[in-house]
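J.: Below: one structure in structure tokens.
The numbers here are math on the coordinates, done by the rules we state, and not lab data. Every value quoted in this text rests on a predicted model; they were computed, and no experiment measured them. Glycine gets a Cβ as well: all are built from the backbone with ideal geometry, and neighbour counts include every protein chain shown.
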Amino acid sequence: MAIEQVDDEPESAAKTIPHWYSADNDDVPTLVDGDGVEVFDADGRAYLDFQSQLYCVNAGHSNQRIIDAIADQLARIPYVSSGKHNDTRNELVTRLLEVAPESMSQTLFSISGSEANEAAVMLAREYADAPKVLTRWRSYHGATYGTASLTGDTDTSSYIQSHAAMTGNAKFLPPIPAAFDAESPDELAEQAANHLEFVIRNEGPDSIAAILTEIVAGSSGGFTAPPGYFERVRELCDEYDILLIADEVITGFGRTGEWFGAQSEGVQPDLMTFAKGVTSSYVPLAGVMMNAAIADYVAEEGFDIGQTFAGHPVGCAAGLAAMDVYEDELLENARSVAPHLESRLTALEERFDVVSSVHGRGLLWGVEFTDPETGEPFVDPRVSDADNPVKSVLSAAGENGAIFGMGRPGIQLLVSPPLCVTETEIDEAVDILENAIETAF
Ligand code: PLP
């Protein structure tokens, strides 16, 4: 069959800087430098990075200990394939297990959060010999063929789902608290857990391999579950023989004040995925941790999904150094400044009637905007986000020197500074945010 030649290339963005990389904010600067919480554009302008880029530069920018560890590893041996032993990689496995929830017993490395979740789900489906995975509506688990279909997020999944591998086997749980009519957090936890049990029974427990959940829903808006909810989820998993997979891609490595979000909930997952913060995102590294029973299963049955760059020694060196930095300095700092961030952000609810709720934990917060007259988001982001005021807030804040994130589906602003942030920087950034809200509304 002849392939049609297209001679007249249309005037397109192909030869320009691709704008879609900055879709959340048209006015994003070109960043060339960074130091701690600050990043600098090509004109030398400083911005407080209260997004940690993508909730991932947990140790702050240009941390010398991590840079040196990367350089040392590169100078020693830059790459060792995943089928062989490497001292740095071995050391990181041991180190991760020291700080992970007690249930964790082994680690399988990966490259990105999506691939770690993909591996966790494949492993769970093999181990449990069951096809279905329950996830939450308004969650984000990745952009690969399988994880996209597990992402219960209206704006992302609506288009990625057309490529989805798991369709039919992914079941979305309603969000907490929007789907329930509870009068207290306790009642909410009970209603949500009862609903989960209903879904499990309705789907058939034997058909469900796992529940995959973020512990604090990250990119959809810093949602925390009501106290006691995860305890009930764990009980239901035990009762119905379903695996609990904690997606710690954002919540890992100090973001919620503990090494992992599961520890802040006191929950023991069966599988746990991590990425982003493990290296403070200086180089890519991700992985899946698993409990002893699953580790034994892998040892006996094998699980042969090695990837060329999984557990890359340079990533592992960065991971070890980042963990040292978290342990020596930043976990404690994150815990000590988090209450100040919380009180500055929750005050926004009082001050602005467009701020309908503020929620989060540690250094991961969502500020939700709602039209006070209708009680609805200002625009339906599934239809258009062209004049979404959250974008205007982000732009105004950016112009005044602070970068925040946009939570999915476009009605939340995300606040997530590096763990080295000071109370003074928090004050500066929240002052900028307050001015930006005044400008935008
Ligand atoms: N899981 C969560 C909770 C995430 O927030 C993300 C990315 O933001 C992912 C998984 C996917 O990670 P990656 O972008 O590294 O593939």
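J.: Report the one residue of Ile200, Ala293, Pro131 whose Cα lies farthest in the direction of the positive end of the charge dipole of the chain (charges on C-beta: Lys and Arg +1, Asp and Glu -1; origin at the Cα centre).
T.: The listed residue farthest towards the positive side: Ala293.
J.: Would you please give the residues with an amide H less than 5 Å from that of Thr251, counting only those at least 5 places away or on a separate chain, with H modeled from the backbone geometry?
T.: For Thr251, no residues qualify.
J.: Then there's this: Once you wrap a convex hull around the alpha carbon atoms of the chain, what is its projected area averaged over all directions, in nm²?
T.: 24.3 nm²
J.: Could you rank the peptides 364-376, 298-310 by their average count of other C-beta atoms within 10 Å per residue, with the highest value first?
T.: 364-376, 298-310
J.: Going toward the positive end of the dipole of the range 64-326, with +1 on Lys and Arg Cβ and -1 on Asp and Glu Cβ, which of Ala143, Pro101, Pro313 do you reach last?
T.: Pro313
J.: Per 0.36 nm of contour for each residue apart, how much would the distance between Glu301 and Glu376 grow if the chain were fully extended, relative to their Cα-Cα spacing?
T.: So the extension gain works out to 21.9 nm.
J.: For the residues Cys56, Cys316, what sequence is obtained by ranking on other C-beta atoms within 10 Å, fewest first?
T.: With the sparsest Cβ surroundings first, the list reads Cys56, Cys316.
J.: Can I ask one more? May I ask you to sort Ser139, Ser416 by Cβ crowding, counting other Cβ atoms within 10 Å and putting the fewest first?
T.: Ser139, Ser416
J.: Taking a quarter of the surface of the convex hull around the Cα atoms of the range 64-326, what do you get in nm²?
T.: 13.4 nm²
J.: Continuing with this model, one more query. Once you place label points 7 Å from the Cα toward the Cβ at Tyr240 and Asp353, how far apart are they in nm?
T.: It works out to 4.3 nm between the two label points.
J.: Apply 1/(1 + (r/R0)^6) to the Cβ-Cβ distance of Leu31 and Ala179, taking R0 = 30 Å, and write down the FRET efficiency to the nearest 0.05.
T.: Given R0 = 30 Å and the Cβ-Cβ separation, E is 0.20.
J.: If each DSSP helix of 4+ residues adds -39,500 (n - 2.57) and the sum is divided by the residues in the chain, what number results at 222 nm, nearest 500 deg cm²/dmol?
T.: Computed ellipticity for the chain at 222 nm equals -12000 deg cm²/dmol.
J.: Please identify the helices of the chain, taking whole runs of DSSP H, that span at least 20 Å along their own axis as judged from the Cα atoms and have a mean Kyte-Doolittle score of -0.5 or higher.
T.: Within the chain the helices that satisfy the rule are 113-128, 423-440.
J.: Sorting check: for 249-255, 238-244, 80-86, which peptide has the highest mean count of neighbouring beta carbons within 10 Å, and how do the rest follow?
T.: Answer by packing, highest mean first, reads 249-255, 238-244, 80-86.
J.: Rounded to the nearest 5, what is the percent of antiparallel bridges among the DSSP beta bridges in the chain?
T.: So the antiparallel bridges in the chain amount to around 65 percent.
J.: Once you charge only the Cβ atoms, +1 for Lys and Arg and -1 for Asp and Glu, what is the size of the charge dipole of the chain about its Cα centre, to the nearest 20 debye?
T.: 980 debye
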